[in-house]
Every structure is written in structure tokens, then in C-alpha cells.
1. Expressed as a whole number of Å, what is the distance separating the alpha-carbon centroids of the range B:211-280 and the range B:144-167?
2. Relative to the other copies, what are the label-point distances for B:Ala59, with labels 7 Å from Cα along the C-beta vector, expressed in nm at one decimal and sorted shortest first?
3. Among A:Phe195, A:Phe86, A:Phe350, what is the fewest-to-most ranking by other Cβ atoms within 10 Å?
4. If the label for A:Leu276 sits 7 angstrom from Cα along the Cα-to-Cβ line, what are its distances to the same label in every other copy, in nm to one decimal, shortest first?
5. Run lengths n ≥ 4 of DSSP H only: what is the helix-derived mean residue ellipticity at 222 nm for chain A, with -39500 (n - 2.57) per run over all residues, to the nearest 500?
6. Helix A:199-211 sits at what angle to the longest principal axis of chain A, using alpha carbons and giving 0 to 90 degrees rounded to 10?
7. So if I take the centroid of the Cα atoms in the range B:14-41 and the same for the range B:304-364, what is the distance between those two points in Å?
8. If the only charges are +1 at each Lys and Arg Cβ and -1 at each Asp and Glu Cβ, what is the size of the charge dipole of the range B:43-166 around the Cα centre, to the nearest 20 debye?
2 protein chains.
Amino acid sequence: MIRAGILVTGTEVLTGRIQDGNGPWVSERLAEEGVEVAHILVVADRPGDLEAGLRFMAAEGMDLIVTTGGLGPTADDLTAEIVARFAERRMVLDEEMEAKIAEILSGFAQRFRLDPDALRTANRKQAMVPEGAIALDPVGTAPGLVVPAGERVVVVLPGPPRELQPMWAAALETEPVRELLARATPLRGYTMRMFGVPESEIAKSLREMEAGGLELDAVEITTCLRRGEIEIDVRYRDEAETVAEGVRAGLVQRHREETFSLDGETIDAQVATLLLGRKLALAESCSGGLLAARITDLEGASEYFAGGVVSYSNEAKSEMLGVGPELIEANGAVSAEVAEAMAIGALERFDADVAVSITGIAGPGGGSEEKPVGYVCFNARLADGTAIARDPIIPGGRLDIRERSALVGMHLLRMLLGEEIGTKS
Amino acid sequence: MIRAGILVTGTEVLTGRIQDGNGPWVSERLAEEGVEVAHILVVADRPGDLEAGLRFMAAEGMDLIVTTGGLGPTADDLTAEIVARFAERRMVLDEEMEAKIAEILSGFAQRFRLDPDALRTANRKQAMVPEGAIALDPVGTAPGLVVPAGERVVVVLPGPPRELQPMWAAALETEPVRELLARATPLRGYTMRMFGVPESEIAKSLREMEAGGLELDAVEITTCLRRGEIEIDVRYRDEAETVAEGVRAGLVQRHREETFSLDGETIDAQVATLLLGRKLALAESCSGGLLAARITDLEGASEYFAGGVVSYSNEAKSEMLGVGPELIEANGAVSAEVAEAMAIGALERFDADVAVSITGIAGPGGGSEEKPVGYVCFNARLADGTAIARDPIIPGGRLDIRERSALVGMHLLRMLLGEEIGTKS
């Protein structure tokens, strides 16, 4: 088993001012290669802490250490130097790299009229590499490094994700990393997604399947609740394929209604496919535009998304969607009746084929005994009157209720367009 | 100087399937207490890695170690046991805690009809605590722990943020933690926010101020680009107050136009205050509802938010906002003219006092030489015709352009309502 540690450097990350995405990203890439990640360690730009982190990972027997950040031109960017000391190599000037960086910087210098002396100093600092290391071409201005260090390899990557991610591919191509990964066995795997089932039910199903003779120990199953959906990730080595397929079949059999993805495809991608050739309109109240934002997150949404109304006030519901004020008066703005009228209004006003409406109480105020905070009415509807209506009470705080409302809207679209299980109203 | 390490446990976090918010959250709380955080270490639920993490932090001389996660009822929840071994204390049953957990669980058991035997086992496991440790009352079902371990203290907290965060306050009240924190000197500090200035300009201003005699070494300044705004965080000990105030004054003087917050207040909070007593309407195209979602994120938004139209198609712009088809034909849907007509339409249709419109090219397709991807037209407008128009080219990918568009919309609202610097059109 090849094991790896990831060392994330950066005071902003350690203090919580910036959320680190590099550690998890590198971790996922390593898992794909069959490497077991033992640690993600975040330290500030303090030489002592950085060095201690490297020594810790070496002492724990890591075969591979990946560092992120600290490759910039300023004095507190120390990673290359500290890694050199750790690998017992001195820093030398890589003249070829110096020329490459100079060329990149000359473009900046002209555009932004930077001080040429300051630039030359920065340039030289970034071209210093540990002797015998492999320098990876800069994506921004900082080269990455692959540094052999005794029995292990240290891969040194820059902090900005848009530099780090392309450079990862280059690191994989180097001889020391290739040799190391040749000894790893990549895991195979799949991801299933479910909606509307508690995590504990999945645990129960797995226990039942195990009791029925399925050797779950042969595969690695991670179940997690992710943004309101259950994600079940199954990883396995070739010889456990039968067990892995048994898990998938057993779970589908027990949770057919709730399973919407067998291969990791997201609800967003599914809905986008189902909407092709149609015209969607939205009428949102408590979700306040979150469903529209989610739909338009995907490129190409203009193919099928006509538009939406965020009808936050009662007047907006009447003026913009034609919901009768007397209907609101009689049933309340949060009611199945108003949700239906909003969906019908959206279909008509946008001349659409399919519409979803959402009206609910996101809180923290506005709840009552009959209609508590979290009570949300949905109506997903085709122009021919086929519709699905729902009115769950969604748990959690304001943000949870709003986000979950948009998610329920997505799943109602899937049910309406994918399976035609709606009831004619 | 009191130093601390944070040990985050959980396979889902280490594999990148769930993003850890606990490490950064605890780190921020510790900084407020004047504790220097040296590491955030993420490990899987493997006993060896967990123990190695504790030993590493002890070897590095941490006075305080905070662990998160691994306190649940199942077999892979090992933190309490590993911490006990690390602190050289045996596990004993806390009968008072057992009774408390039993009471919490009996509610669940009735509601969900759980197996009482399985429950009793889980209950007993969670009531086992290291001898001599202080148990913190459960927020969910798992108690937290404060465990003295030689010269240091280990605080053991549950993984779910809604359990961890309230329990933190209880941990601070315990004698061992109080004694430790009494030796720390809390830093004072402030946060400034700017919009529309590059980070490098702030660095330049700071260099100039230092050259002018301000002793920047006496304070800790972190500058970072966070969701399109510059956040400048200044931390200092009492004796450096004059320098810290000098930094604030110097930055404001040099970047008066771009500075919108001297005390950390967010643009969202500022806009919410400015909107009180008014009625806002939105007309969004490329931002697809993100500005409406941002406005309605804050509770109480229904006081001032009438509603919005996500007019993704040209037909929607005409039908829902009264933008003349010939205007779109003549200028294109992404044009200052159409943005203006959208804002006027939103004011009228929602009978509002203030409106913001956004129309742009979010990409990846749809760009041209004249109007490239990222070209976005804005119009922020009062009912009396006072308006601010902008048409920047926003860099980045589709998601960046969409999010930044919503952010620009927020800042235009601030400029329009806060300073009345608009031009009469």
C-alpha cells in the first residue's frame, strides 16, 4: 500500500480566512491512483512548522508528500527552500527556468509597468530549485517541483488552484512519481445517489445484506449526506467486483424509489438532459431565486430556461403571476392552492411547457402552529395539466430550508419529466 | 505564547467528500482567545493515524489540542478511547452521563421505534469517559470531553457543527481550559473591506506607509481576496494600537473610494440597512437569480424585497419587463440600453422605489469580439430616474462571472442608496 501525506501551507488557510480546496482535491486525485492518503496537514508560513510537518510525515512512513502553496516571489514563500533542506539538497539556480519565468514576467511588466529591478529579484528567487529536483513548468509564474528525498518523493505545487490543478498532470508524468504510482493499485468504484431516505436506513440495508452473506469487508463503502442527498461511494479492488455489484443491486432493490443515480450523475445534469427540447419557467417565493440560480449554473441553460419570477411579496404573486388576491386571502400565500396558481401563472406568462413553483416559510419568523417554519408548498406542472404537488415540512434553519427547497424543486422536475408519475389534476 | 493544534477526524473529510468547516471555525475561536494555532491536521478514522497525530502535536509542544469528530455510537468512532490512551487514563463509565444520554435517546426511541438493546449498547459506549476527564453535556447525543494530559489539555468535540459550536462555549468554562487561556493574551483587531482595487495596490500602499515610518512589524496584517472583495485583517496587542490605527487611517486615505467597511460589516448587511423603508425589485439575466438569492439570504428581506424577474430569454425581457423587442434587436440583449429598460421595467412592474438590472454574457459560449464572455451591463436605478450604469468585462469562468455580477449588483445598490453619487439620466 502506497501512503501519502498532503501538506497545505498558508496562514490564510490556517486562520480560516480562506477555505482550502487543494487538500481535498489532491486527496481525491491520489485516491484515484490507488494511493491511501493518511493526512492533510495545514500549517502557516512559518519555517519551523513547515519543517515539522515534513518530518512528521516522513516519520509516519509516507511514500509520497505533496505540498501546496508558498511558491510565490515574496520573502514568506519558503516551501522550496524548506523542502530542499528536508531532502538534504542545496538550492541551485535553474537557468533554463529563469529564462522561462523572465519571459512570462516581461509580459506582465509591460502591461502593468512594474519595477524591473524588483521583478528580476523575484524572478531569480522563483528559479532557485533543490539540486537534482525536477522543475515543473509554471502555469502562473511559479514552477512546481518533484524532489526525491531518500525513500520518498516530495511533490511541491503552487497554492492557486488554477495553477495547481494543471500542474498535477505534469507531476504525474515525472519519472519518480511514475515509479511510485506503478506500485499502487488503483481502486475501482462507483457512486450512487439517493434522495428522500435517511442515512440510517442505508446502514440498516447494508447490515441486512451482510447478514444475508454479502462480504462487505471486501469493499470500502462511504455513505454521506451531501447537500440533502445521500451519496454512497463504493471502492474496491478488481477481485471484489462481484461483491461491489451485489451491493449496488441490493441497495437499488431496497431503495428503488429513492435512487436516482447509479453512476454518480448529479441531479443537475439529469434535469438538464430532461429539459432539452422543452421550455422551463419558475415561480419562487421562499427559495428566493436559488432554483433559478441552480438551473442557470449549467452552461447551455438558455436552451431550455425561459425565465422565472421571484414573487416575494403578495402583490408580485398577483401582478407578475396572475395569482388572484382572493386566493391568497382565502388560503394564505403559503398554501397548495397558491403554489398551484403560481405554477399555472408561470406556464402562461413565460409561454412555457413545464413550470415549478415554490412558496414556503423560510423563517426565522412567520411560522404558526398550522404552518410552522419549514412548511413549503411545491407544484411542478406540465402545460397539459399533469402535475406533482408536495408540501413537506423541511427541518433546519433559514439557509437549510431555502437550499433544500431548491433541491426538492430539482427532484420534482426529475419525477415529472423522467417518470411521468404525476397525477392529472 | 500559548499554541494549539486542531485534529480533525473523519474519512469523509480526508477523502474530500465533505468539506471540513470545524477546523477553520475552531481556529478562528482560538485566535480570538489569543492562542496561536500551529496545525490543522485531518486524519481518517484509523486508530494509528489518530494517535500519531496526537503524539505529533505533543512533540511540537502544543499546550492545547482540540479534536473534532469520532464521538458517535458506532465502532469506528474511536476518539475518546484514543485520547484516553494518549493521556494515560483508563476509560470509566460516567453514570450520570449514562442517565442523561438515556433520557435523550428515549425520546428518539419512541419516535422512531428503535431497537432498545442496540440503543442501550450505544448509550453505554458514549457514556464511557477517560478517568478524571470533565464530560461536557451532549448537544446531540455525544458528550464532549476536556482531558488533562500531562502539561497539556485535550478538548474533544463532536463532528456535527451544530453540536460542536454550542459545546465550545461549555469547554471554555471548564477549569483546565480557563487556566490555560488565562495565560494567553487575546489580540485586538479589526477588519476592513474594499471593492474594486487589486491586492497588489494594498501591498504597495503598505510598503509606502512603512517607508513613511509606520512600524508595520508591530501588527499582523493579512490581506486576502475573498469572493471578489479585498479583506484586510489587522491583529495587534494593546501596545501597538497607535500603529494599528495608523494602518487603518493610511489605507482609507489612499483607497477612500474603494473602502466600504471599516469594521468588518459585510456588503449584505449594509445593503439590508440601506433598503429599510424602500421597496426593491430586480431584473436579472446572466446572474440567473443569484442576486435575488443573495438579497433573500438575510432574514427580514420581505420587509424591502418586492421581487425579481429572471428574464433569461428575450421574450421574457419583453413580456415580463416591457423591454421593447426593437430595442433588443437594435442593441442586443446585452447592452446598456437593454439594462436600462430592464431596470425601468422592474421599477414599474413591481411598483418599486429602487431596482437593479443585470444582463451579460456568462459564457462559455455567446461571446464576440465586441462583446466578449464576461461583458456585463448593470443599471441601478431609483424611481425618480437617478441611476448608476456600469458595463465591465468580468474575468474568469462562468461561475465567477455569475457570482461577481451579483456582487457588483450589491455594490451598485450601496453606491446608489448610500452615497447618492449617481448621475441623473
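1. After rounding, the separation between the Cα centres reads 33 Å.
2. Spacings between copies for this position, smallest first, are 0.1 nm.
3. A:Phe195, A:Phe86, A:Phe350
4. Its label point is 5.1 nm from the equivalent points in the other copies.
5. Value at 222 nm, helices only: -12500 deg cm²/dmol.
6. The angle comes out near 80 degrees.
7. 44
8. For the range B:43-166, the charge dipole is close to 240 debye.
Quick note: the coordinates plus some simple rules give every number you see, no bench work behind them. What you see is a predicted model, and the numbers here were worked out from it, not measured in a lab. Methodologically, a virtual Cβ is constructed for each residue, glycine included, from the backbone with ideal geometry; neighbour enumeration extends over all protein chains shown.
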